[in-house]
Amino acid sequence: MATQAKALGVAGFIVDAAVRDVQILAKGDFPVFSIGTHPLGPTKSGQGRINFPVTVGGIIVYPGDLIVGDADGVVAIGHDDIEHVLKLAITKLKNEEQRIKAIHNGEPIAPWLKAHLNKLGLLRFDAER
């Protein structure tokens, strides 16, 4: 089903159900997100509908919403919020890149963390960073 959908130009699947063949799917370039796995194939009780709101994981997704997914999960961004959320995401990414660079440069961006981990006895030695 995924192979045929990809051949038809579908970008990927988000399934509020279980899927099978996950090892094969994971090796491919057609993203499939599901709530789990199951060894049996899908039932085909109907053709479904296109451009209608759907509920996935308790969230209503409307036609025109932006769907973004990776190994951490999937989010749906309402059509009217896409530009704003994109700006926020770019800002967050830049801030995280700066923090990671600072950490690699030895800058203590979270000095409280070292003190807290030492207090809990979770550090084997008093690390310089």
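Things to note:
- Extended-chain gain in nm, criterion 0.36 nm per residue less alpha-carbon gap, Y62 and A110: 13.3 nm
- Proximal lysines to K6, defined as alpha-carbon separation beneath 28 angstrom and excluding residues fewer than eight positions away on the same chain: K27, K44
- With neighbours defined as other Cβ atoms within 10 Å of a residue's Cβ, the residues V32, V22 order from fewest to most as V22, V32.
- Compactness relative to 2.2 N^0.38 Å, alpha carbon Rg of the stretch 1-54: 1.15
- Whichever lysines have a C-alpha closer than 26 Å to that of K92, once near sequence neighbours (fewer than 8 apart) are set aside: K101, K114
- Among Y62, L122, H84 the positive-end extreme of the charge dipole of the chain (Cβ point charges): L122
- Those trypsin sites (Lys or Arg not before Pro) in the stretch 1-108 that DSSP places in a loop and that have at most 12 other beta carbons within 10 Å: K44, R49
- Angle between the chain longest axis and helix 82-104 axis [Cα atoms, degrees, rounded to 10]: 40 degrees
All of the numbers you see were taken from the coordinates with simple rules; none came from a lab. Quick caveat, the model's predicted, so the values are computed rather than measured. Methodologically, a virtual Cβ is constructed for each residue, glycine included, from the backbone with ideal geometry; neighbour enumeration extends over all protein chains shown.
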